[in-house]
Structures are given as structure tokens and as C-alpha cells.
Amino acid sequence: MREFILRRCLLLVPIIVGVSFLTFLIFRVIPGDAAVLICQFQCTPETLHDIRHSIGLDQPFYEQYYNWLKGVVQGDFGTSAQTHLPVTTELQRRYPNTLELLVLSLLFSLVLGIAPGILSAVRPGTIIDFLVRLVSVFWLSIPSFYLAILIITFGAEWFGWSPPNFATGKTAGLFSDPATNLETFVFPALVLSVGSAAVIMRLTRSSMLEVMRNDFIRTAYSKGLRERAVVWRHALKNAMIPVATIIGLQIGGLIGGALLVESVFSINGIGNYLVVGIETRDLPVVQSLVLIFALAYVLINLIVDVSYAWLDPRIRYA
């Protein structure tokens, strides 16, 4: 196991370098000039030249990439070309909001996905099974950003409700004002979680159905064990291996969905920061955040792979 984890960690190096290089290359190839967006179109050629020099755009491509990568290794993600603040400063201010949103979304995804999936598998062909499958298809068919817009629109029109401090960029602290904080994050987390919950629900159902047909389940029933004991002690743990895989993949989807949901709900998080950085071609911001998201995604999948050995002791890593 130790050697497996070490090999996977070593693989992080080429993956991160590849992701950072592609991101760096793409933003140099697509049309547009970051210097023009910074000083607007009334700038003189001399001013544009000074701005390009100040943010390093007048250097060769390889030199720009080397300087940025060297700074990342030293813990310096650069300075935002728009706000003139270090990217690390903005990350420290924004990451608690994104982290809370992702944690709540993951909890909702697990609760809304695993429990109904188990219930549907235990009662196949019943009205419960039909409703679970219908709900999962309905959730999968709704884009998260569209559902977010509907919630804000209908909440304002029908109930006179909008998220606290909506469109102000301010967020109440979880410990200083928990009620307002949860009111701010519950609906965005629900919106972000429904698609992932539907995928987890359907895979849990199919995996549980397959496990419930195995001989050891029939043996457990023949010994006189109650249905609850058979489902929770014997069937669920064996059915969770493919579910754990899809949970790891869905976390990556939650990270991507946070970009749109934070923008719609005006949450001052990392996702919203990345969207603004893309719109303004703020290259240090975009490059750094894409690198962080890629690293988080790879580490999450490593944790999922390691969890296989806990779910099934027969699995061993060479």
C-alpha cells in the first residue's frame, strides 16, 4: 500500500506540469489581449507596452512559463493583473466559502443518493423503485445553473426571498452567524448536489441489485438474519466499491459546478474568482486556480483508490 501511494504521488508531477503547460498555452493562443482589458481601449501604445512589461507579456513564452512555475514551486502564485493583489491573498479569503459549499454539496449528494438507491434496490419493481428512478432521471435532466436561476427568480417573485447579502459578495461566518451562513449556502449546495445525487442513486441501485443476487446473500437469509442486517452488514459494503469510484468522479464535477453556482448566487468563492479571471484574462489567477483544481481532483481519486482496500479486504495493491 505504501509503495502504491508513493507511485501515485510521483505521478502527480507530470500530471500537474502537463495541466499547467496546457492552460498556459491555451491562454496564449486564444484571441484577446490581457493588457487591453486592463487599461481599456483608450490606452496609448506606450501605456500598453508598459502594462505588458509589468505583467511579463513581453517575455518569450518559455520564459513566462518558467518564471511562473518557479514561483508556484516556491509558494508564490503570482499577482492578479486586475486587482494587483497576490493570488494567495485572494485564495485565503475565498477558499472557506468554496470549501463549505463543496462539503455541504457532497453531504447532500451522499444522503440524497445512497439512501434512496438502497431502498430502490431492496424493493425492486415497487412504487418506491419507480419513484426513485423517476426522480433520478428528473434530477439528471436539469442543469445546475438553470436550477439556481429558477430558485432565485421564484424565491424573489413568489416568496420575496433572496439569499442573504445577495450580489454584495459578503458572506456571514459559519461560527459568528451560523443561521445566516446556512441560509446562504443550503440552496446553492442543494442545487449543486442534485445531479451528483442522481448519478450516485442510480449506481447504488444497480450495484446493490447485483450484490443482492449473490449466493452469500441467500446464505445470510437462510441463516435467519433480518433484512436490515443482510443489507447493511453484507450487501452494502460489497456494493460500495463502484459507488466509491463514482463519488470520486462526482467530486470533480462538484468542483466544476461550483464555478457556475457561485457566480449565480454571488458567493465570493474560488469558483467565482476563476470565472472573473477568465472573463478578464487574468492569467496568473486562471493558471493558479486550474492547477489547484487539478491537484485536488487527482488527490481525491487517490483517496478513493485507497478506500477500496477498506471496503474490500481482498483488494491488495502490489
Next on the checklist: Counting only helical runs of four or more DSSP H residues, what would the 222 nm mean residue ellipticity of the chain come to if each run contributes -39,500 (n - 2.57) and the total is spread over all its residues?
Outcome noted: -25000 deg cm²/dmol
Checklist entry - Near the amide H of residue 79, under 5 Å away, which other amide H atoms are found, from residues 5 or more places off or on another chain, if H is placed in the peptide plane? => result 87
Checklist entry - Spin-label point model (7 Å from Cα, Cβ direction): what's the residue 154 to residue 47 distance in nm? => result 4.8
Checklist entry - residue 161 versus residue 213, label points 7 Å from Cα toward the beta carbon: distance in nm? => result 4.4
Checklist entry - When the label point is put 7 Å from the Cα of residue 73 along its Cα-to-beta-carbon vector, which residues of the range 281-302 have a backbone N closer than 18 Å? => result 288, 291-292
Checklist entry - Which length gain, in nm to one decimal place, applies between residue 177 and residue 13 when the Cα-Cα distance is subtracted from 0.36 nm times their residue separation? => result 55.0 nm
Next on the checklist: Once R0 is set to 22 Å, what does the formula 1/(1 + (r/R0)^6) return for the Cβ-Cβ distance between residue 5 and residue 233, expressed as a FRET efficiency to the nearest 0.05?
Outcome noted: 0.15
Next on the checklist: Once you keep just the Cα pairs under 8 angstrom separated by 6 or more residues, what percentage relative contact order results for the chain?
Outcome noted: 27
Checklist entry - Which of the DSSP-defined H helices in the chain satisfy a minimum axial length of 15 Å, computed from C-alpha atoms, and a minimum mean Kyte-Doolittle hydropathy of 0.5? => result 2-29, 87-122, 127-140, 144-158, 178-212, 236-264, 283-311
Next on the checklist: If packing is taken as the average count of other Cβ atoms within 10 Å, what order do 62-75, 84-97, 259-272 fall into, highest mean first?
Outcome noted: 259-272, 84-97, 62-75
Item to check | At R0 = 30 Å, FRET efficiency that the Cβ-Cβ distance of residue 295 and residue 130 yields, to 0.05 | outcome: 0.10
Next on the checklist: Tell me the relative contact order for the range 181-318 as a rounded percent, counting alpha carbon contacts under 8 Å between residues six or more apart.
Outcome noted: 25
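With a ≥ b ≥ c the root eigenvalues of the C-alpha gyration tensor of the range 95-311, is it rounded (a/c under 1.5), prolate (a/b larger than b/c) or oblate?
Verdict is prolate for the range 95-311.
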Checklist entry - Given R₀ = 51 Å, FRET efficiency for residue 225-residue 21 by Cβ-Cβ distance, to 0.05? => result 0.35
Checklist outcome for this item: Partnerless cysteines (no other Cys beta carbon under 4.7 Å) identified across the chain are 9
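Values in this text are rule-based calculations from the coordinates and carry no lab data. The structure displayed is predicted, hence computed values, not measured ones. Cβ: placed from backbone, ideal geometry, glycine included. Neighbour counts: every protein chain shown.
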